[in-house]
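Worksheet for the structure shown next.
The values are calculated or read from the model by the stated rules, or taken from the named source; none is laboratory data. Everything numeric in this text was worked out from a predicted model, so none of it was measured. Ideal geometry is used to build each Cβ from the backbone, glycine not excepted, and the neighbour counts take in all protein chains shown.
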Amino acid sequence: MLGWELPPHNSGGLGVACLNMARALAREGASIDFVIPYSAGHPQTDFMNILSATSLDPIFRYGGGSYESPRVLEKNIPTGNKKDFMSIRDVQKEYCKFVKKYLSTHTPDVIHAHDWLTYEAGVLAKKEFGIPFIAHVHATEYDRSGMNRGNPLIHEIEYEGLMLADKIIAVSEATKRIIHEKYKIPLNKIDVVYNSLDENYNIDGYFFNQETYKYIKTLKSSGYTIISTVGRFTIQKGLHYLMEAAALAISKNPKLLFIFAGDGEERNSLIALAAELGIMKNVIFTGFIRGQKLRDIYSISDIFVMSSISEPFGLTALEAAHHQDALILTKQSGVSEVIKSAFTYDFWDEKKLADEILAIASQPKLKKSLQNNIRNEYRKISWGQVAKKCLEIYNKNIKRKRN
């Protein structure tokens, strides 16, 4: 298995999905060597072998800081001698070198590569060693760029990986359509396998900390409805549309509080927009949070909004559902294919989003009904089902190679 991150050294849902998938596969009898591009400890991963392709600190796996596709070729990581610098592309080259060396002494039954950052290594495994190559698509460059053109180099890598893969796993029907329409991949080459909730949500003994957000709790006790969103502040997430919708809703109901949890390159422009719209007193920016503080945000919220322009799946919606939030999702999100009881809207339709927020805030019975129905739905999908589907795909391709 070829990946780019695992918890606790993850910046988003990709690492969480990879960890849960690998754990479920191991339960089904799979033996896994998981290659990462950095060197660090990973607690609770004794079910698989973690292989470090480089000695880099985890923070440098994207070329320093968070991944931004326009900066793929920018050299900004000091190497050991402090004279040369590395970009994401340099890290990928080192990753491929490691995989090639590994495959010279090991013969896995299948290579399972996650997203464009590892596709070149997957292609190498197929071309030079004849190993079946499964490309897992958690997001395309079209998703990351808000359905704009994005980085042509990344498109080229994605196209080659998807064309040469023996099978493609997409995290939603929406992602399957993008792969087919944008990259001209035959539909019968793509299987949809939905993600599930992080298993730790059910086993770690979480309890809401009453002291974490006392100010928000006070507002809630005085009649405020709490609306939250969680994720990277990038163009993909459609947060400017959400902010405009927030202003429309607040103009009709001033007892609404919006929480923007996360960070990214659009942080300053979002803060400026909230000020320009005159709603700063109704908006809280938490910065990047994880663990207890993140779960406390879900717990204190009444409504969770996923405003993404294009969201291949959206694990945060399942996390919010676990904490009994009512959900409002864009029709452009993969998770809306699974959670049918959520309210949905087109990412650009600020008025409809505002109306849906106001409807839930003003009707307690509606909010309760949505919360209960959504919680029942998200429980129907599991990582065990994901593992069984992946193993079926592996075995078909291994058998095809042998024949």
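Structure above, values below:
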| quantity | calculated |
| --- | --- |
| Scan of the range 331-346 for residues that are in contact with a Leu (Cβ under 9 Å, 6 or more places away or on another chain), of a type in the set (S, T, N, Q) and closer than 17 Å to ASN195 by Cβ, ordered by number | SER336 |
| Candidate set: the range 257-284, residues that are part of a helix (DSSP H, G or I) and more than 25 Å from the chain's Cα centre (by Cα); chosen: the one nearest to ILE357 (Cα to Cα) | ASN282 |
| Among residues of the range 41-58, those that are at pLDDT below 95, small (Gly, Ala, Ser) and either surrounded by 13 or more Cβ atoms within 10 Å (Cβ to Cβ) or in a strand (DSSP E or B) (or both), counted | 0 |
| Strands (runs of 3 or more DSSP E) (entirely within the range 303-393) containing at least 2 residues that are closer than 30 Å to ASN188 by Cβ and in contact with a helix residue (DSSP H, G or I) (Cβ under 9 Å, 6 or more places away or on another chain) | 326-330 |
| Among the candidates GLY161, GLY150, GLY122, residue that is at positive phi, touching a residue at least 24 places away in the same chain (Cβ under 8 Å) and in the same structural domain as TYR394 (by TED's automatic domain parsing) | GLY150 |
| GLU319 out of contact with any Pro (no Cβ under 6 Å at 6 or more places or on another chain), surrounded by fewer than 22 Cβ atoms within 10 Å (Cβ to Cβ) and not small (Gly, Ala, Ser) | no |
| Within the range 22-33, considering residues that are crowded, with 18+ Cβ neighbours inside 10 Å and touching a helix residue (DSSP H, G or I) at 6+ places or on another chain (Cβ under 6 Å), the one farthest from ALA135 (Cα to Cα) | ALA24 |
| Residue match in the range 113-131 (condition: out of contact with any Leu (no Cβ under 7 Å at 6 or more places or on another chain), hydroxyl-bearing (Ser, Thr, Tyr) and at pLDDT below 95) | no |
| Contacts under 7 angstrom Cβ, first residue in the range 266-294 being closer than 20 Å to SER11 by Cβ, partner exposed (fewer than 15 other Cβ atoms within 10 Å of the Cβ), 6 or more apart | GLN292/ASN209 |
